Amino acid sequence: MSIILNIETATKNCSVSIAKNGEILAMKELNNGNYSHAEVLHPFIVDVLKEAKLTTKEIDAVAVSKGPGSYTGLRIGVSAAKGLCFAFNKPLISIETLSSLAHSISIDDGLIVPMLDARRMEVYSVVFDKNHKQIRDIKAQIIDAHSFSDELAKGKVYFLGDGSQKCKEILTNKNAVFVDDKFPSAKEMAKLSFDKYKKNDIEDVAYFEPFYLKDFVVIPEKKKKPTF
């Protein structure tokens, strides 16, 4: 038996779940269009533990979304997860953000391409087959009319995630299917973290870092024109 706390903060969706053997016992999430993780993450953890009638000492592991995604969001989630692991001597499990997003849909045929917004026309993306087996590496790419042309020539391609929404007007191939309102969630993390727990596929708590994919870039504020 395993009881795992799952934490997802890689996008604007702040999501927490408690799962027993991969089955959700309690879950709470908020996606209000803002990055409010710093304010709501810890109350969410308290709430799901209370709803599941568990204490922090009773969980067997902590799973966290590893990225790619929002730099700040990932830092908040990973810091919280590592803090719990250190405090209660629990193993840390990391889940690829795009993998949990891909598992939010099931298809009979074709490919699944989860995408996360990386600003402007750039996205973080990866390609899975219909069985959720990864068949292309994760990468940051700028979307244009030729993107995914090889995949689209072979059949249906299901695009999902906040990065896919800005691609609708560019990827006009008849085989492109856009799935709305899908975000990485602690719901899909439950089964994935349980599978890793059974294999003892855990991270070194002291040295684990999020998978940012790109370096953090500070955008300087525009200088205000003096007023006289």
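Table for the structure above
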| quantity | calculated |
| --- | --- |
| Principal semi-axes in Å for segment 105-179 [√(5λ), Cα gyration tensor, largest first] | 18, 14, 11 |
| Charge dipole (debye, nearest 20) of segment 1-53; +1 at Cβ of Lys and Arg, -1 at Cβ of Asp and Glu | 100 |
| The chain, Cα convex hull volume normalised per residue, Å³ | 152 |
| Most mobile of Thr172, Thr72, Thr56 in a GNM of the chain (Cα contacts under 10 Å) | Thr172 |
| Exposed-loop-free span, longest in the chain, where trypsin sites (Lys or Arg not before Pro) count as exposed if DSSP calls them loop and at most 16 other C-beta atoms lie within 10 Å | 54-118 |
| Test item: Cα-centred dipole of segment 1-133, Lys/Arg +1 and Asp/Glu -1 on Cβ, debye | 400 |
| Lys, Arg +1 and Asp, Glu -1 on Cβ, resulting dipole of segment 106-195 about Cα centre, debye, nearest 20 | 20 |
| Euclidean distance between Cα centres, segment 1-54 to segment 117-145, Å | 26 |
| In Hz, Karplus ³J(HN,Hα) per residue of segment 79-90 (6.51, -1.76, 1.60; θ = phi - 60°; x = Gly, Pro) | 4, 5, 5, 5, x, 5, 5, 5, 5, 10, 6, 10 |
| Distant-in-sequence amide H partners of Ser2 (H built 1.01 Å from N, under 5 Å) | Asn21 |
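Readers should treat all values here as calculations from the given coordinates under stated rules, not as data from a laboratory. As the structure is a prediction and not an experimental result, all values here were calculated from the model. In this analysis, Cβ positions are derived from the backbone assuming ideal geometry, glycine residues included, and neighbour counts consider all displayed protein chains.
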